[in-house]
Amino acid sequence: MLSFETFLFGQPRYPDEMSTDRFYFNLAKRLIEDAGKTDAARRWHPSVIDRAALCLVGYYQDMIADAGLWHGFIDECRRLYSTPVPFFTVGEDYVDYELNREDVGFLVWYAVAMYSDDRCIYPFDAGIVELADRWFRILEESYDEAPVPEGFHLAHELDVYDPEDQEMLLRLGNWLYLHSWLLMPAFAYTSSELISNLHGEGKSDVQIAEALQGVAGSHPTGPLALFIGEWVHLTVRHRLPSRTQKTENKEAHPSYKKLMDDTGGVPVKFISGYDNFNNYLINVLGWQPGVSHLQQLSQCRDFVVMSNPDKGLLVAADICRCIKAPSNPFYDEDYAKVNAIRLLTERGVCPHDLLSFICEQGWLVDARFLHSDDTVITRKYHDFIARCYLQLYYRGD
């Protein structure tokens, strides 16, 4: 059962209680109670429903207060994907920065996918749609009586370049990364994995808390896998900081030249079997002869070798059957229908540069969420899906 302390933990002014907190806590309990009347109560653990309700209520508070986080998110989604919320083509009745059915549908999917064991659930799964419809009606009915949430204005009147605002900006960044309704779901998998590993090493709770704080400074998070400085800019200014493009006239990596010469200008090579892979490294790319290279991959079935001018060689194992490239004789449609989604959702399966190239070329044609035949949505939103699931593994460089 959702406790008030758990609700309060996600509020910007925690541990202080604001005058409007009880209203929104009761609204979250109402959503949870309503979910008990649906299949969702049987499909997902109560903690998943609780967290999804908190995510929706956080969105509701942010939207009513125009606090900035949702504002910045949909602005960036429109820049990246030409729509304010991934997966949805919005109509004329969609109103920016106000309550919308599409927003609720996306956030229900996002919370369930990130918090439950159904990580690859289809965004238009019948259970997701039913829960979103019911929760949208409740939020819509409550709109006229909902008070402007006190304490949700951390970003108002802040200037990211003003030294006098730095303390409040740090506080905002800490809340966004570790406690906010939008970023917390995507951080759940990262944090649980980190906590489990540190517990296994015998680390204390204090050491684990310090490690989580360290991650906040170095790992991207949230549905767009942005770094904390980027989220602060989005929340305060509704746009990302400008990026300076580095232009360096340096010679291409040697392995890039050799691979491109071998393939006739395609920066990837598909290889079956470890022996053939090792021979390719030696005979084509010029690695030391008489050595079994990258022996940790010796039991793998197939390999994709990629090289780019700056970074040199990238290798991915056991994904050839998922890639429908003209130069790939190992593509297997039946296998790909089941496994291609792993490239977008499982960390470490495919290096970022290779994954981006495969998707840009239109070679990941079979990727689909579980129990769905919809490949259009995964092709259209491959970048968002990879950001949301892969996090640092997709945006680390």
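The values are calculated or read from the model by the stated rules, or taken from the named source; none is laboratory data. If you're wondering where the values come from, they're calculated on a predicted model, not measured in any experiment. As a convention, Cβ positions derive from the backbone with ideal geometry for all residues, glycine included, and neighbour counts pool all protein chains shown. These area figures cover heavy atoms from the full protein model, side chains too; ligands, DNA and RNA do not enter into them. Shrake-Rupley method; radii C 1.70, N 1.55, O 1.52, S 1.80 Å.
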Taking the range 270-281 and keeping only residues that are touching a residue at least 40 places away in the same chain (Cβ under 8 Å) and open to solvent by 40 Å² or more (accessible area, probe 1.4 Å), one is left with SER272
State which residue pairs qualify: first residue under 14 Å from CYS120 (Cβ atoms) and inside the range 359-384, second residue open to solvent by less than 40 Å² (accessible area, probe 1.4 Å) and modelled with pLDDT under 95 in any location, beta carbons under 7 Å apart, and separation of 6 or more residues or different chains.
none
Report yes if some residue within the range 193-208 is open to solvent by less than 60 Å² (accessible area, probe 1.4 Å) and closer than 22 Å to TYR60 by Cα; otherwise report no.
no
Residue that is most open to solvent (accessible area, probe 1.4 Å), among those in the range 343-353 that are assigned to a helix (DSSP H, G or I) and either free of Cβ contacts under 8 Å to residues at least 60 places away in the same chain or closer than 15 Å to ASP302 by Cα (or both):
HIS352
Can you name every residue in the range 142-175 that is open to solvent by 80 Å² or more (accessible area, probe 1.4 Å) and under 25 Å from the mean Cα position of the chain (by Cα)?
LEU170, ARG171
Any chance you could count how many residues in the range 2-25 are farther than 17 Å from LEU172 by Cβ, touching a residue at least 24 places away in the same chain (Cβ under 8 Å) and in a loop (DSSP other than H, G, I, E, B)?
3
For the range 315-326, does any single residue satisfy the condition of being farther than 25 Å from ARG368 by Cα and of a type in the set (A, V, I, L, M)?
no
Scanning the range 187-233 residue by residue, those closer than 21 Å to TRP70 by Cβ and of a type in the set (D, E, K, R) turn out to be GLU230
Among the residues of the range 326-342, write down those that are open to solvent by 10 Å² or more (accessible area, probe 1.4 Å), free of Cβ contacts under 8 Å to residues at least 60 places away in the same chain and either in contact with a strand residue (DSSP E or B) (Cβ under 7 Å, 6 or more places away or on another chain) or not aromatic (Phe, Trp, Tyr) (or both).
PRO326, ASN328, PRO329, ASP332, GLU333, ASP334, LYS337, VAL338, ASN339, ARG342
Residue check: is TYR81 surrounded by 14 or more Cβ atoms within 10 Å (Cβ to Cβ) and at positive phi?
no
Confirm whether PRO86 is outside any helix (DSSP H, G or I) and surrounded by fewer than 18 Cβ atoms within 10 Å (Cβ to Cβ).
no
SER47 is checked against (1) in a helix (DSSP H, G or I); (2) without any contact (Cβ under 8 Å) to a residue 24 or more places away in the chain; (3) over 15 Å from LEU224 (Cβ atoms) and fails just one. What number does that condition carry?
(2)
Sole miss for SER47 among (1) more than 24 Å from GLY222 (Cβ to Cβ); (2) surrounded by fewer than 19 Cβ atoms within 10 Å (Cβ to Cβ); (3) hydroxyl-bearing (Ser, Thr, Tyr) is condition (1)
